[in-house]
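The structure appears below as structure tokens.
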Amino acid sequence: MNTMTNSSPEAKTPDSRTSSNSKLFAALYQSVWRWHFYAGVIFAPFLVILAFSGSMYLFKPQIEGYLYKDMLTVREVGTAALPADEIIAKTMRAYPGTTISSITFPDDPQSTLALAANRNGTSTIMYADPYTGHITGILNSDETFSAFFKKMHSELVIGGTWANRLVELAACWAIILVLTGLYLWWPRNKSAIWGTILPRFNKPGSRQFWRDLHAVPAFWLSICILILIATGLPWSGVLGGQIDRLANATNTNYPPYALSFMAKPESVTVTKDIADNVPWAAENLPVPKSAAGGYMTLSVQDISAIADKQQVTLPYTISMPRGDTGVYTISTSHTRPGDNATLHVDPYSGAVLTDVRYADYGLMAKAITMGIALHEGRLFGLANQLLGLITCIGVILIAISSYFMWRKRKPQGKLGAPGKAKDKRVTIGVLLIMLVLGALMPLVGLSLIIVLLLDWLIISRLRPLKHWFSA
């Protein structure tokens, strides 16, 4: 005789398990949502600035080509260019108090030469007609279109270390925003298309409308956003230094033979300190010393001939020696990364002391070099620029839609943050994951510690703040 009924413990087990899983999922969703919300509230304004400045910088060649057309192009292409040394001497005579630190040779016969100069203590760029030697224009290096938006992108225009670290912090938290956002977006119903793959526009102005404008573009652009962030991090102050050290420690940056000319490369001047237009992989390449002698140094034109002989692809920059034991540096961070080159040349003998090309880079350096070109929109021409622009516009749209989404649900007298998950196991588990991400991204880890201390010492102890933050 079967005595089992619907009220027996065995009959309830599947329902109980389903209920338990639902509660666990709800707690996990709530905890992830809370982190996503606070990260967005704090860092969305900075990400809008980064996206706007980045989208402008993407089109630097076209915009500066239009703004400075009279400076960047010659009126008439001559039969032969003047020797570089003659142009430099002519410039220094015409503009007393000017010191030339580098000269960039273009790859277009209609383009002017760019002279990096110091004029009475001011860093300037002077453009010279290569056929006449006449200066076609002078710009303050810190006030050009690209300099302004580069500073906005890396230092929020404010400038300084703190601003740079804040940009890095925002970029790192953007990675967490994307990852947590993808979790929140993940469709619970396998047949769901609207609101996940395609936005719903049937209720304009509603919270659903803004939610879809936030979540759907974020899904489609998530890979592009992550790639854009990752390819920008090698320039960052903290994580960028770690990336460079990792590349050097694993011999996946510049080749070991590039250090063969000195015993302790870590204690010497590096290339980025003495030269312009240096590829990322060679920025920290130690600079050798020349064998100083009591005879004349080679001319810039001689060094240009060496660059041509070594098949360095135009455009390239020749940076002048500094001091008696200084060297000439030939460098190009080329539009085509495969043409990157960094050479140090003895100014007395013309001996090539260092010659590092893209083909010599290690695996990490090659990947980062390609990534930087992609980040700057020069890896595959206009299509690269347009892809970057779409991603930047997407980031701005995602941020704006999140604001309206928040306003639609914000209660009176509260921030409107999702409440803490009631299951402490979930809260602790998500926090541990965040701490792991903080260990990988040091500034994120530091910010997490600060947030946890603020929550423990202040917010949780003051009732008005606890109510406002839903703590």
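The values are calculated or read from the model by the stated rules, or taken from the named source; none is laboratory data. Owing to the predicted nature of the structure, the values given are computational and were not obtained by experimental measurement. When we count neighbours, we look across all protein chains shown, and the Cβ atoms used for this are built from the backbone with ideal geometry, even at glycine. In case anyone asks, the SASA skips ligands and DNA or RNA and just uses the protein heavy atoms, side chains included. Shrake-Rupley method; radii C 1.70, N 1.55, O 1.52, S 1.80 Å.
Summary of computed values
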quantity	calculated
Largest to smallest accessible area among LEU156, LEU28 [probe 1.4 Å]	LEU28, LEU156
Using θ = phi - 60° and Karplus 6.51 cos²θ - 1.76 cosθ + 1.60, couplings along region 424-438 (whole Hz; Gly, Pro as x)	5, 4, 5, 4, 5, x, 5, 4, 5, 4, 4, 5, 5, 5, x
Difference of contour (0.36 nm per residue) and Cα-Cα distance, ARG407 to ILE428	4.6 nm
Exposure ranking of ASP107, ASP302 by accessible area [1.4 Å probe, largest first]	ASP107, ASP302
Cα-projected label distance for LEU314 with ARG75, points at 7 Å along beta-carbon direction, nm	2.2
Cα-based reach from LYS203 at 12 Å (exclusive), listing aspartates and glutamates while leaving out same-chain residues under 8 positions away	ASP212
Probe 1.4 Å - accessible area at ILE449, Å² to nearest ten	90
Tilt relative to the chain, helix 145-155 - C-alpha long axis, 0 to 90 degrees, to 10	40
Segment LEU415-GLN110, length gained on full extension (0.36 nm per residue, minus Cα span)	103.9 nm
For the chain, radius of gyration divided by Kirkwood radius, i.e. Rg to Rh on alpha-carbons	1.10
Added length on full extension, which subtracts the Cα-Cα distance from 0.36 nm per residue, ASN251 to LEU435	63.3 nm
Cα shape, region 265-394, gyration tensor, a/c 1.5 rule	prolate
Residues of the chain: accessible area per residue with a 1.4 Å probe, Å²	54
Simple label model, 7 Å out from Cα along Cβ direction - TYR95 to TYR295, nm	3.4
With Cα atoms, 0 to 90° folded angle of helix 239-249 axis to the chain main axis	70
Listed residue pairs exceeding 22 Å between alpha carbons, taken from LYS90/LYS151; LYS410/LYS466; LYS90/LYS309	LYS90/LYS151; LYS90/LYS309
Where GluC sites (Glu not before Pro) fall in DSSP loop in region 51-130, at most 10 other Cβ within 10 Å	GLU76
Neighbour-limited loop hits for chymotrypsin sites (Phe, Trp or Tyr not before Pro), region 336-390 (at most 14 other Cβ within 10 Å; DSSP other than H, G, I, E, B)	PHE380
Formal net charge of residues neighbouring PRO337 (Cβ-Cβ distance under 12 Å; K, R +1; D, E -1)	+2
Within region 85-138, trypsin sites (Lys or Arg not before Pro) in DSSP loop having at most 16 other beta-carbon neighbours inside 10 Å	none
Carbon and sulfur %, accessible surface of the chain computed with the full protein complex present, 1.4 Å	63
